[in-house]
Amino acid sequence: MVLVYAEATNGQFKKVAHEVITYGKQTADVLGTECHALVLGDTAGAESLGKYGASKVYRITSPQLEAFDAAVYTVAIAEVAKQQGATVIVLPHNSTGKNITGRLAARLEAGSVPGANAVPTMKEGFFTVRKPVFSGKAFADVQLLTDVKIISVAGNSIPVAETGTDATVEDLTISLPEPKTKVVKHQVATGRVPLPEAELVVSGGRGLKGPENWGVIEDLAEALGATTACSRPVADSDWRPHHEHVGQTGVAIRPNLYIAAGISGAIQHLAGVNNSKTIVVINKDADAPFFKAADYGVVGDLFEVLPKLTAAVKKY
Ligand code: FAD
């Protein structure tokens, strides 16, 4: 059985949970087995995970799971995997998954692939998982040789697919350790859709010249109902907050529309945005490398082009 950890934020399942279940279901199909989901904490609508391919949902509610503690969550997932006989465990490759994957692998003496971006295959009889390496310039096909295998799935690497109906939910009781950490405060960084889930993104680079000029990006984002993003040097210079930085070392996104203004299109930037469905590039340099990756390009001064684009969007 493939066991998928379906993460909920404030009791709600986000796109990332639906992605990992879709991935788990497709992995289960490759192995000819079932996909089950695991939910930790009190969540509404756990049965809805069946729509994405989980034939059963396990749920553990416990005071120890109220705030995220990697050590406690690791025990919960490992014990359910052992109890239910999971041979593959799937997690999201976000901050939670990155925190748990290694611990889980050590606890279960399992081989793991962090950051996979394709559904496993049985290449030459071996369970093989693909992951990007060298900033997405190449792929590594990794064979997992252990009885239990752990995969964390890179965000936005496979499209969500609805294949089933509501699943049955089974409440489990697992003995959990006391958390060793305490969350003192949660602070929401922005009122907009978080970048990993955004369908529309307007992004700015060093071509904006300074933080005081970000109004042209904000205005277009506002008109479109989009989320704002930026290149790494912009975040490194404190022009924009770090959670907006996209690319190899930032957030990887897969929106329907990515508008990049004043960004050159370095390979490290492209590594996080080249899965966008449609890329629009605005750059005054016709030779900027980003144009090669663009679906639409405007060669021009962003300070002239963006306000015109915003005005045009507002008309509709
Ligand atoms: P620049 O390269 O300076 O480009 C600015 C662009 O704006 C130019 O193309 C210019 O023609 C254009 N421009 C200027 N004025 C205007 C105007 N008025 N109108 C229109 N266009 C204009 N970068 C990331 O973004 N994300 C990452 O995750 C990341 N990870 C990295 C990891 C490593 C290990 C390394 C070494 C680098 C990484 N980088 C990353 C940095 C990356 O290599 C580039 O340096 C960076 O993406 C460049 O940012 P930029 O395009 O905003 O700036």
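Quick note: the coordinates plus some simple rules give every number you see, no bench work behind them. If you're wondering where the values come from, they're calculated on a predicted model, not measured in any experiment. Every residue, glycine among them, receives a Cβ derived from its backbone with ideal geometry; neighbour counts consider all protein chains shown.
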Inset, instruction - Could you tell me the largest-minus-smallest coordinate of the C-alpha atoms of the chain on each of the three principal axes, in descending order and whole angstroms? - result: 62, 48, 36
Legend entry - Neighbour-limited loop hits for GluC sites (Glu not before Pro), the stretch 67-169 (at most 13 other Cβ within 10 Å; DSSP other than H, G, I, E, B): Glu109, Glu124, Glu162
Legend entry - Sorted by Cβ neighbour density within 10 Å, fewest at the top, the residues Thr128, Thr227: Thr128, Thr227
Legend entry - Nearest-0.05 FRET efficiency for Lys137 and Glu212, computed from C-beta distance (R0 45 Å): 0.80
Inset, instruction - Sort Phe291, Phe127 so that the residue with the fewest other Cβ atoms within 10 Å of its own Cβ comes first and the one with the most comes last. - result: Phe291, Phe127
Inset, instruction - Take the alpha carbon atoms of the stretch 41-85, find their center, do the same for the stretch 90-129, and report the distance between the two centers in whole angstrom. - result: 17
Inset, instruction - Using the Karplus curve 6.51 cos²θ - 1.76 cosθ + 1.60 with θ = phi - 60°, work out ³J(HN,Hα) for each residue of the stretch 103-112 in order, rounded to whole Hz, and write x for Gly and Pro. - result: 4, 5, 4, 5, 5, 9, 6, 10, x, 9
Inset, instruction - With everything on Cα atoms, drop me the angle between helix 215-224 and the longest principal axis of the chain, reported from 0 to 90° to the nearest 10. - result: 60
Inset, instruction - Name the residues whose placed amide hydrogens come within less than 5 Å of the amide hydrogen of Cys230, ignoring near sequence neighbours (fewer than 5 apart) on the same chain. - result: Gly204, His245, Val246
Legend entry - Helix axis angle, 15-31 relative to the chain longest principal axis, alpha carbon, degrees: 50
Inset, instruction - Sticking with the crude label model, points 7 Å out along Cα→Cβ, report the distance from Ser55 to Leu31 in nm, one decimal please. - result: 1.3
Inset, instruction - Could you check what % of the DSSP bridge pairs in the stretch 1-146 are antiparallel, to the nearest 5? - result: 50
Inset, instruction - Quick one: what are the phi-derived ³J(HN,Hα) couplings along the stretch 245-252, Karplus 6.51/-1.76/1.60 with θ = phi - 60°, whole Hz, x for glycine and proline? - result: 6, 10, x, 4, 9, x, 7, 9
Inset, instruction - Neighbouring Cβ atoms within 10 Å as the yardstick, rank Lys315, Lys51 fewest first. - result: Lys315, Lys51
Legend entry - Charge dipole magnitude, Cβ of K and R +1, D and E -1 - the chain, Cα centre, debye nearest 20: 440
Inset, instruction - Take every DSSP beta bridge whose two residues both sit in the chain, then give the antiparallel share in percent to the nearest 5. - result: 20
Legend entry - When each of Lys209/Lys308; Lys292/Lys314; Lys56/Lys185; Lys25/Lys180; Lys56/Lys149 is checked by Cα-Cα distance, pairs over 27 Å: Lys292/Lys314; Lys56/Lys185; Lys25/Lys180
